[in-house]
Amino acid sequence: MRALVSVNVGAIERNVALLAAQAPTALLCAVVKADGYGHGSSEAATAALRGGAAWLAVSTAVEAQTLRSAGIEAPILVMGALTEDELKLALSAEADVVAWSEFFVERLAALGGGRVHIKLDTGMGRLGTRDRELATRLAQQAVEAPQIELVGLMTHFATADELGDSFFDQQLAAFSDWTEEVAATAPGLIRHAANSAALLRDSASHFDLVRPGVACYGLDPFGRDPAGRGLEPAMEVSSYVACIEQCEAGESSGYGRSFIAEQATFIGTVPIGYADGWKRVFSNNAELLIAGRRFPVVGNVSMDNTTVDLGADGGGVKLGDRVTLLGTDGDARLLSEELATRAGTINYEIVTSFSARVPRRYLADALGGDR
Ligand SMILES: *Cc1c(COP(=O)(O)O)cnc(C)c1O
């Protein structure tokens, strides 16, 4: 296989069980948007449900429809903005939707109704309404519309991953206040706010349902080593050594000659590039694992290939050897958190970047083999 994303669904199941145990008073809604953060939406959803998730959340109507087509029957929340056509699709997929305007609630009623959650923007400044009175009115409007079922009240944190930041506490207080007000006239609603970071950081954010995404896949929302919280990364990315060339002192590798050998060395070519989601920012700026050892990426990552310096003695590397770009090989390990630091981004972007050109393979457990 040229390049492969291997997903250990057993790890997703265990991560979700761990998260559920940390929020014992809440239902767990596993966020499987963006193709399950690049891990495969229906496979991730199935693993999450086995791990104890009661709900699933996605961003788009098509994502909800994809889960239904895979035979998944759990409640699904579509969290994103919806056009009229997308709303119709979400409703036909029997998904819950989120409202923050009178226009949307009216449109929902006109389409025959459905299950809705009202979103108060307590400071994220993205989707929702910052107008608490409007949010309360929308809840009332939904309760009064005969075909609409008001299911939940929600918000989303902007800084839950910044430990010690007090803006999080302000958002939490604003949401608590509002839900108490609404509960006085509409009791029994599902209140939900916590993403992975909030879930792990403060049980006061758990309310009735938690919405972790990234941590379900074994990534640390704080950008640290996930093992510190008992999380297991579910994704591994591998390729192989397709070509080994001798490179004399003064010779170069790749577009733009950004690597020129100072001394004679061997260059291995790995057939994965930025069109596969292995970012160009890793040019001269990452390490790969071969036979349990780290080797530096040298030269510019191109669309389809990456070159690696095997050293003056060739490092004992042979044509066809497996290359790990993300994951473990023996005692060596490459985390998406490390790649994120190198790329100046977050682990979320690393795992969601691997493109459709890279096939996915699913393992029940990564330990031991079936490579
Ligand atoms: C993506 C998302 C989540 C999950 O966030 P993580 O940081 O991945 O846990 C929860 N809620 C909303 C509204 C989201 O958009």
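The numbers here are math on the coordinates, done by the rules we state, and not lab data. Remember, predicted model here, so these are calculated numbers, not experimental data. Using ideal geometry, Cβ is built from the backbone for each residue, glycine included, and neighbour counts are taken over all protein chains shown.
Taking the Cβ of residue 192 as the center, what net charge do the other residues with Cβ under 13 Å away carry, scoring Lys and Arg +1 and Asp and Glu -1?
Net charge in that neighbourhood comes out at +1.
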Item checked: Viscosity 0.890 mPa s, temperature 25 °C, Stokes-Einstein D of the stretch 9-218 from Kirkwood C-alpha radius, µm²/s -> 144
Next item on the list: Quick one: which residues, 5 or more positions from residue 148 or on another chain, have an amide H under 5 Å from its amide H? H modelled 1.01 Å from N in the peptide plane, none for Pro or chain starts.
Entry: 114
Item checked: Net +/- balance of residues flanking residue 107 in space, Cβ distance below 15 Å, scoring K and R +1, D and E -1 -> -3
Check: Going 7 Å from the Cα of residue 2 toward and past its Cβ, which residues in the stretch 264-283 have a backbone nitrogen under 12 Å from where you end up?
Finding: 271-277
Next item on the list: Report the percentage of all Cα-Cα pairs in the stretch 218-371 whose separation exceeds 19 Å, rounded to a whole percent.
Entry: 53
Item checked: Alpha-carbon gyration tensor eigenvalues x 5, square-rooted, for the stretch 55-129, Å -> 20, 15, 10
Next item on the list: Rank by packing, highest mean first: peptides 96-103, 140-147, with packing defined as the count of other Cβ atoms within 10 Å averaged across residues.
Entry: 96-103, 140-147
Margin query: At 7 Å along Cα-to-Cβ for each site, give me the label-to-label distance between residue 262 and residue 127 in nm.
Written below: 5.1
Next item on the list: Report, by chain and number, residues whose modeled amide H sits under 5 Å from the one on residue 27, excluding near sequence neighbours (fewer than 5 apart, same chain).
Entry: 209, 210
Item checked: Choice from 58, 281, 105 with maximal GNM fluctuation in the chain (Cα, 10 Å cutoff) -> 281
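What is the percent of Cα-Cα separations in the stretch 259-342 that go past 18 Å?
For the stretch 259-342, the fraction of Cα-Cα distances above 18 Å is 38 percent.
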Margin query: Sort 348-359, 311-322 by the packing proxy (mean of other Cβ within 10 Å over each peptide's residues), most packed first.
Written below: 348-359, 311-322
Check: Given 4 °C and 1.567 mPa s, how large is the Stokes-Einstein diffusion coefficient of the chain in µm²/s, with Rh as the Kirkwood radius over Cα pairs?
Finding: 59
Next item on the list: Go through the stretch 308-325 residue by residue and turn each phi into a ³J(HN,Hα) via Karplus (6.51, -1.76, 1.60, θ = phi - 60°); whole Hz please, and just put x for glycine and proline.
Entry: 9, 8, 8, x, 5, 9, x, x, x, 7, 10, 3, x, 4, 5, 10, 9, 9
Checklist line | 3J(HN,Hα) from dihedral phi, the stretch 198-212, Karplus parametrisation 6.51/-1.76/1.60, rounded to Hz, x for glycine, proline | finding: 5, 4, 6, 9, 8, 5, 5, 8, 6, 6, 9, 7, 10, 10, x
Margin query: Cβ neighbours within 10 Å, averaged per peptide: list 201-210, 284-293 in order, most packed at the top.
Written below: 201-210, 284-293
Checklist line | Gap separating the Cα centres of the stretch 1-17 and the stretch 215-269, nearest whole Å | finding: 20
Check: For the stretch 9-218, what proportion of DSSP beta bridges, expressed in % and rounded to the nearest 5, is antiparallel?
Finding: 0
Next item on the list: Under a cut-off of 29 Å between alpha-carbon atoms, report the lysines in cross-link reach of residue 88, not counting same-chain residues fewer than 8 places apart.
Entry: 33, 119
Checklist line | Space enclosed by the convex hull of the alpha-carbon atoms of the stretch 44-91, per residue, Å³ | finding: 61
Check: Amide H of residue 283: which non-local residues (sequence gap of 5 or more, or other chain) have their own amide H closer than 5 Å, using H built in the peptide plane?
Finding: 301
Notebook entry, point to check: Do the sum for the chain: with -39,500 (n - 2.57) for every DSSP H run of n ≥ 4, divided by all residues, what is the mean residue ellipticity at 222 nm, to the nearest 500 deg cm²/dmol?
Noted result: -8500 deg cm²/dmol
Notebook entry, point to check: Taking 1 over the mean of 1/r across every pair of different Cα atoms in the stretch 304-371, what Kirkwood radius in Å do you get?
Noted result: 14.6
Item checked: Distance histogram in 10 Å bins (all Cα pairs of the stretch 1-107, percent per bin) -> 15, 43, 28, 12, 1, 0
Item checked: Total charge dipole magnitude, the chain, about the Cα centre, Cβ charges on Lys, Arg, Asp, Glu only, Debye to nearest 20 -> 480
Next item on the list: Rounded to whole Hz and in sequence order, give me ³J(HN,Hα) for the stretch 184-196 from the Karplus expression 6.51 cos²θ - 1.76 cosθ + 1.60, θ = phi - 60°, writing x for Gly and Pro.
Entry: 4, 10, 10, x, x, 7, 7, 9, 8, 8, 7, 7, 4
